[in-house]
Amino acid sequence: IKTTVLADDGETVVLGGLIKDDYQVSKSKVPLLGDIPVLGRLFSSESETRVKRNLLVFLRPTIMLGKADAVAATTEKFNRLWDVNLEVREKLGLPQEESDPSVDMLFEGRRQ
C-alpha cells in the first residue's frame, strides 16, 4: 500500500484491505444407495457453506519527540511481548525464564 495520510498522534487510520468470499457446496451420500436414480436422494445430502474474510490494514502513528520517547515506547512494547511469552510458556507447561528481560538483551554481542 502506498499512500499519503494526515493523522494526529495516536489517531487510527485505515489504509486499505482485502475482502474474500468463499462459497463451497458439499455433497455426501451413502455408498451404493446414494447412486440409485430417484431413490438416491433419500440417501444423500447437500450443504452450502459461505465464509467471508476481511483483512484490513490499520495504522496508529505515535509522534516521538526524542530518543527518550523512542526508548520508552520500545521498552513498553517489549514488556508486553514478554508478558505474552510468559503466559504461553505457562499454558504449555514450559519452564519460566530465570532472569528478568531487558531490551538490551536482544542486542547482546551486536554493539559497535
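The values are calculated or read from the model by the stated rules, or taken from the named source; none is laboratory data. Not measured: the values here are computed from a predicted model. Positions of Cβ are generated from backbone atoms using ideal geometry, with glycine treated the same way; all protein chains shown enter the neighbour counts.
Miscellaneous remarks
- Of the residues making up region 61-82, just one is closer than 24 Å to V5 by Cα and of a type in the set (D, E), namely D69.
- Restricting attention to region 1-45 and to residues that are at pLDDT 90 or above and among the hydroxyl-bearing types (S, T, Y), the residue that is surrounded by the most Cβ atoms within 10 Å (Cβ to Cβ) turns out to be S44.
- One residue from L65, L94, L81, L56 being in a strand (DSSP E or B) and out of contact with any Lys or Arg (no Cβ under 7 Å at 6 or more places or on another chain): L56
- Among the residues listed as E98, E87, E48, the single one being among the charged types (D, E, K, R) and either at positive phi or assigned by TED's automatic domain parsing to the domain that holds T4 (or both): E48
- Within region 46-80, tally of residues that are of a type in the set (K, R), loosely packed, with under 10 Cβ neighbours inside 10 Å and without any contact (Cβ under 8 Å) to a residue 12 or more places away in the chain: 1
- Scanning region 54-80 for residues being more than 21 Å from T12 (Cβ to Cβ) and not β-branched (V, I, T) gives a total of 5.
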